[in-house]
Amino acid sequence: MAVTESNWAPWLERLYDLRRDKRGSHERPHKPVLLLAILDLLDRGILRGNQVPFTEELESTFRRFFAVVRSRDDQPTIEHPFYFLSGDGFWQVFAAGQSEPLYRKGFAGGAPSAAQLRRKSATGRFDESLWALMSDPMARHQLREALIARYFPEHHDQLAALSARQWSPDRSESGETLLPPGRDAAFRKTVLGLYDHRCAACGVRVLLKSQLSLVEAAHLIPFSVSRNDRPTNGVALCPNHHWAMDSFLIAPCPDSRSRAGIWRINERRLDDRIEGQRDLMSLAGKPVLPPRETMYLPAPEALRWREDHLTIAD
Ligand SMILES: [Zn+2]
């Protein structure tokens, strides 16, 4: 199958923005781990056709991946993502012999227990066009890379080692792993949504029609360095401030009072007698405008990276 950006972009945008539990202060790993476990079963030839039964094999694979990425009070409860992934609109769960899915929109109570899912011989099914992508070994590899970059960048190598048998064929000579086309668009859509299309430096917000926005999504630690597409490694900026940050003239830096950080400027490289530079200098000490959800505030290590490079770059 020819895998092009038009196949990919809409799926990546949804997979980069899986519906989440808004009560918590941290992003739960369950849904992306379930997806990684299913990709692994596919690689091992265990799944055939667009049917993902709730089996011991799936549970144990899920727990293996989960053990790598869990943090805080995360519990390896596969029944939750198996059921609630239905809310993302590309996955449905059926009990054996039933044509009505278990999860119905607007009528979702608690998830069935694992024992109930086993007893019902529950089976999950993907949207056909996503399934077509997942059925292609190369696309599957790219999909896994994208999920890891978005949700678990700090665990990339451990997760890769868990699936080591299947990764080698399409790794390039340099060890670079291939990423799917449309990855940038998915990062952009997620970050701009969280910042409500507003520049985190000057606050400008220009939204034309639904999608066309003047504001850009910038990586705090560049993707080439971090392979990190998590929204906490991103910030929305207008083109001017994006350019100035990437030129290390300004930087969002850690601050004890502002949780999103404050802007600092490179005083040695900016001159307040020059008009364009005067505008950049006026940012000094201003707070970084925060994203809508506190769980996606800029990561402290990403702010420190920017602070370090502001002074190194002379
Ligand atoms: Zn701006």
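The values are calculated or read from the model by the stated rules, or taken from the named source; none is laboratory data. Just so we're clear, the structure is a prediction, and the values are computed from it rather than from any experiment. Quick reminder, even Gly has a Cβ in these numbers, built from the backbone with ideal geometry, and neighbours come from all protein chains shown.
Being crowded, with 23+ Cβ neighbours inside 10 Å, more than 10 Å from the ligand (Cβ to nearest atom), more than 22 Å from the chain's Cα centre (by Cα) and without any contact (Cβ under 8 Å) to a residue 60 or more places away in the chain is true of Ala251.
Could you check Pro291 against (1) in a loop (DSSP other than H, G, I, E, B); (2) over 26 Å from the mean Cα position of the chain (by Cα) and say which number it fails? Unmet for Pro291, out of (1) in a loop (DSSP other than H, G, I, E, B); (2) over 26 Å from the mean Cα position of the chain (by Cα): (2).
Checking each residue in the stretch 137-154 for being buried (at least 16 other Cβ atoms within 10 Å of the Cβ) and at pLDDT below 95 picks out Ala139, Arg140, His141, Gln142, Leu143, Arg144, Glu145. Count of the stretch 210-223 residues, restricted to those that are over 28 Å from His155 (Cα atoms), part of a loop (DSSP other than H, G, I, E, B) and not hydroxyl-bearing (Ser, Thr, Tyr), is 3. The set of residues from the stretch 228-244 being crowded, with 18+ Cβ neighbours inside 10 Å and within 10 Å of the ligand (Cβ to nearest atom) comprises Ala236, Leu237, Cys238, His241, His242, Ala244. Among the residues of the stretch 81-101, is any over 20 Å from the mean Cα position of the chain (by Cα), assigned by TED's automatic domain parsing to the domain that holds Asp21 and closer than 15 Å to Asp21 by Cβ? Yes, that holds for at least one residue.
Might you let me know whether the stretch 56-73 holds any residue that is closer than 28 Å to Gly193 by Cα, touching a residue at least 40 places away in the same chain (Cβ under 8 Å) and surrounded by 15 or more Cβ atoms within 10 Å (Cβ to Cβ)? Yes - at least one qualifying residue is present in the stretch 56-73.
Of all residues in the stretch 74-103, those satisfying the criterion of being surrounded by fewer than 20 Cβ atoms within 10 Å (Cβ to Cβ) and farther than 17 Å from Lys120 by Cα are Asp74, Gln75, Pro76, Thr77, Gly87, Asp88, Gly89, Phe90. A single entry from Asp21, Asp43, Asp17, Asp73 fulfils the requirement of being closer than 23 Å to Ala161 by Cβ and acidic (Asp, Glu): Asp43.
Being more than 25 Å from Leu310 (Cα to Cα), exposed (fewer than 15 other Cβ atoms within 10 Å of the Cβ) and more than 10 Å from the ligand (Cβ to nearest atom): is that true of Leu208 here? The answer is yes for Leu208.
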